[in-house]
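Worksheet: one structure, shown below.
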Amino acid sequence: MLARPRRNRVTETIRDIVKETILRPTNLIYPLFLVDGEHIKSEVKSLPGNYRWSLDLMLPEIQECIELGIQSFILFPSVDDSLKNSTATYSYNDKNFYLKAINAIKKKYPNICLISDVAMDPYSSDGHDGFVRDGEILNDETLPILGKMAVAQAQAGIDIIGPSDMMDGRVEYIRKELDEEGYKNVGIMSYTAKYASAFYGPFRDALDSAPKEGDKKTYQMDPANSIEALREAQLDETEGADYLMVKPALNYLDVIRLLKQNSNLPIAAYHVSGECAMLTAACQNGWLEYDKAMPETLLSIKRAGADIIITYFAKDYAKMQRDGKITL
Ligand code: PBG
């Protein structure tokens with residue numbers, strides 16, 4: 001026998017020199033849920049270990065993450081029902097606690113990267129990402145609302161705008177609005193291939209943002225499709241996106257690979273709430289070992305071709321690395 005692949009696996013050091021995929025905490029983006037008020041840290045029941053934070057408690061949490069090597073955060077607002085309406089006007093209101101918090105966070109930690117979410121759903125009384133009339137989610141009527149939201153977020157200090165609504169033409173619309181208002185260096189991480197997935201449940205619990213009627217299938221993609229993801233990617237590139245995102249991640253590793261092979265833009269993958277909750281639940285039952293299953297899961301997303309991973313496990317991964325449980 002001449003060829004013995006096992007020779008390259010004999011010791012840990014040898015395994016390390018042939019390691020193909022390396023995932024650093026700096027490749028991770030940590031999602032955080034923000035709520036108005038003070039002294040609030042309320043756990044999301046369906047996403048154990050994740051909380052709705054008021055700003056005063058979120059700041060030390062961010063500090064802790066920075067010390068662990070996490071530099072990027074994606075922020076989502078949990079908005080009181082009384083502030084929601086059909087046109088999501090609170091999303092760009094001066095008094096919006098999310099915008100004020102962005103400003104405060106960037107003042108305190110100017111070197112971190114803050115990513116936003118641009119979509120109507122946290123602010124919409126209909127619970128949809130676009131403007132609803134007579135049961136229809138209207139595309140072109142939604143764009144000016146997204147534009148105002150994006151400009152307000154840029155003004156508050158967001159580094160990268162994250163349009164997550166899947167309306168057609170939003171990247172170009174938002175890019176033009178940002179440029180016109182002087183925010184040429186604010187990036188756009190487009191939710192390029194965002195699927196109408198059953199795995200967003202815990203997130204919608206966190207924000208109380210589930211659609212009041214119907215589903216999101218007229219704007220989010222059909223899980224059966226991947227060629228269509230290429231079409232979305234090409235459009236986002238020509239419209240000026242700086243990053244392309246695939247969401248969810250684990251059930252769509254083939255789509256991550258497809259976009260990586262067909263684009264020169266950095267590819268982000270959103271390891272969504274339901275995907276994280278599944279693993280957490282299995283570990284809580286003693287059916288899987290968290291310290292092994294969690295890093296393997298994140299590595300698989302990176303290996304598929306994601307340059308950047310948005311995951312609720314970011315902090316735990318960084319902790320494991322600090323404690324020497326993961327070698328880079
Ligand atoms: C809203 C949005 C959703 C997620 C991110 N932004 C939910 C949805 O589209 O219904 C889901 C993230 C997650 O499940 O972790 N546009």
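The values are calculated or read from the model by the stated rules, or taken from the named source; none is laboratory data. The shown structure was predicted, so the numbers you read here are calculated from the model rather than taken from an experiment. Positions of Cβ are generated from backbone atoms using ideal geometry, with glycine treated the same way; all protein chains shown enter the neighbour counts. Side chains included, ligands, DNA and RNA excluded: accessible areas come from the protein's heavy atoms. Shrake-Rupley method; radii C 1.70, N 1.55, O 1.52, S 1.80 Å.
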Listed residues LEU138, SER54, LEU28: farthest to the positive end of the dipole of the chain (Cβ charges): LEU28
Can you bin region 250-301 into rounded, prolate or oblate? Criterion: square roots of the alpha carbon gyration tensor eigenvalues sorted a ≥ b ≥ c, rounded for a/c under 1.5, prolate for a/b above b/c, oblate for the rest. prolate
What is the dipole size for region 211-328, taken about its Cα centre, with +1 at each Lys and Arg Cβ and -1 at each Asp and Glu Cβ, in debye to the nearest 20? 360 debye
Provide, for q = 0.16, 0.18, 0.20 Å⁻¹, the log10 of I(q)/I(0) from a solvent-free Debye sum over equal Cα point scatterers in region 129-269. -0.87, -1.10, -1.30
Given Cα pairs under 8 Å that are at least 6 residues apart, what percent is the relative contact order of region 57-142? 33 percent
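Please get the size of the charge dipole for the chain, origin at its Cα centre, with Cβ charges of +1 on Lys and Arg and -1 on Asp and Glu, quoted in debye to the nearest 20.
Details: 38 positive and 48 negative charges, 328 e Å.
Around 1580 debye, computed over the chain.
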Express the relative contact order of the chain as a whole percentage, based on alpha carbon pairs under 8 Å and six or more residues apart in sequence. 18 percent
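Going by a ≥ b ≥ c, the root eigenvalues of the Cα gyration tensor, does region 88-177 fall in the rounded group (a/c under 1.5), the prolate group (a/b larger than b/c) or the oblate group?
Values: a/c = 2.53, a/b = 1.75, b/c = 1.45.
Here region 88-177 falls in the prolate category.
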What's the ranking of 21-29, 302-310 by average number of surrounding C-beta atoms within 10 Å, highest first? 302-310, 21-29
For the chain, longest principal axis from Cα atoms; helix 253-262 axis from its Cα atoms; angle between them, nearest 10 degrees, is 80 degrees
With a 10 Å cut-off between alpha carbons and a GNM built on the chain, which of SER164, SER78, SER263 moves the most? SER263
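What length, rounded to one decimal in nm, is gained on full extension from SER125 through to MET278, with 0.36 nm per residue of separation minus their alpha-carbon distance? Kindly include the intermediate steps, with their values, before the conclusion.
Working: separation 153, 0.36 × 153 = 55.08 nm, distance 2.90 nm.
Net length gain for the segment: 52.2 nm.
Quick one: Cα convex hull volume of region 1-57, Å³ per residue? Before the final figure, lay out the partial values.
On the way: hull volume 8.5 nm³, N = 57.
In region 1-57, the Cα hull volume divided by residue count equals 150 Å³.
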Taking Cα atoms only, Rg over Rh for region 33-72 with Rh from the Kirkwood formula is 1.00
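For region 263-328, what class follows from the C-alpha gyration tensor (a ≥ b ≥ c being the square roots of its eigenvalues): rounded when a/c is under 1.5, otherwise prolate if a/b is larger than b/c, else oblate?
Numbers: a/c = 2.29, a/b = 1.42, b/c = 1.61.
Oblate, since a/c reaches 1.5 and b/c is not below a/b.
In whole percent, how big is the carbon plus sulfur part of the accessible area of region 13-152, probe 1.4 Å, protein atoms only?
Working: 3020 of 6170 Å².
For region 13-152, the apolar C and S fraction of the accessible surface comes to 49 percent.
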Can you tell me the convex hull volume per residue for region 90-142, based on C-alpha atoms, in Å³ to the nearest whole number? 89 Å³
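Roughly how big is region 39-90's charge dipole about its Cα centre, with Cβ charges of +1 (Lys, Arg) and -1 (Asp, Glu), in debye to the nearest 20? Can you show the working numbers first?
Working: 4 positive and 7 negative charges, 42 e Å.
For this selection, approximately 200 debye.
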Expressed per residue, the solvent accessible area of the chain in Å² (1.4 Å probe) is about 47 Å²
Here the Cα Rg-to-2.2 N^0.38 Å ratio for region 34-106 is 1.17
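Going by average Cβ neighbours within 10 Å, how do the peptides 204-217, 183-196 rank, with the highest at the top? Don't skip to the answer; put the middle values down first.
Working: 204-217: 15.9, 183-196: 22.1.
Highest-to-lowest ranking by the protection proxy: 183-196, 204-217.
Counting pairs of alpha carbon atoms under 8 Å apart in space and at least six apart in sequence, what relative contact order in percent does region 1-154 give?
On the way: 197 pairs, mean separation 30.2, N = 154.
Value for region 1-154: 20 percent.
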State log₁₀ I(q)/I(0) for region 1-130 at q = 0.15, 0.18 Å⁻¹ as given by the Debye formula over alpha-carbon point scatterers of equal weight, solvent excluded. -0.77, -1.02
Rounded to the nearest whole number, the Stokes-Einstein translational diffusion coefficient of region 195-328 at 37 °C and 0.692 mPa s (Kirkwood radius, C-alpha pairs) in µm²/s is 204 µm²/s
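Just order 286-293, 226-233, 151-158 by mean Cβ neighbour count inside 10 Å, highest at the front, would you? The partial results should precede the final answer.
Details: 286-293: 12.4, 226-233: 17.0, 151-158: 21.5.
Top of the packing list down: 151-158, 226-233, 286-293.
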Using only Cα positions of the chain, each an equal point scatterer, no hydration layer, compute I(q)/I(0) via Debye at q = 0.07, 0.08 Å⁻¹ and quote the log10 values to two decimals. -0.28, -0.36
I'd like the Karplus ³J(HN,Hα) series for region 235-241: coefficients 6.51, -1.76, 1.60, θ = phi - 60°, whole numbers in Hz, and an x wherever there's a Gly or Pro. 5, 4, 4, 5, 7, x, 5
